[in-house]
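First the structure, in the form of structure tokens, and then the observations on it.
The values are calculated or read from the model by the stated rules, or taken from the named source; none is laboratory data. Only a predicted model underlies this, so the values are computations on that prediction, with no experimental measurement involved. Neighbour counts are summed over all protein chains in view; Cβ atoms, including those assigned to glycine, are modelled from backbone coordinates with ideal geometry. Only protein heavy atoms, including side chains, enter the accessible area calculation; ligands, DNA and RNA are left aside. Shrake-Rupley method; radii C 1.70, N 1.55, O 1.52, S 1.80 Å.
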Amino acid sequence: MAAQTITHHRVLMTDVDLVQVNFTRMFLWMDHGFTQLLHDLEHPSSVLLRDGWSTPVVDSHCNHLRPVTLDDEFDLVSRVIEVGNSSFVFWHDF
């Protein structure tokens, strides 16, 4: 089984705009899941950066299948689905 973590979120007032959820928040939540999984794997971002490693994002997209609105709660499942020699692929499921 691939490494994964689950983070719980509630849509806050700072997450919404006039048309409900600001689409950029999805990327913030995905970053939270990514950072939490690194922490769970005992490779926190702070240590990686201090030791000279980086985790640049070279491709990112999000498909919006249904809306979320203020006060909605959801779990975000973040997991590594592919590991290469110098890269890896992350998957996030809201």
task = Would you point out the residue of region 75-91, among those that are open to solvent by less than 60 Å² (accessible area, probe 1.4 Å) and in contact (Cβ under 8 Å) with a residue 40 or more places away in the chain, that is nearest to His8 (Cα to Cα)?
result = Leu76
message = Would you confirm whether or not region 8-16 contains a residue that is over 16 Å from the mean Cα position of the chain (by Cα) and open to solvent by less than 70 Å² (accessible area, probe 1.4 Å)?
response = yes
request  = Within region 20-56, work out how many residues are open to solvent by 90 Å² or more (accessible area, probe 1.4 Å), modelled with pLDDT of 90 or more and assigned to a loop (DSSP other than H, G, I, E, B).
outcome  = 4
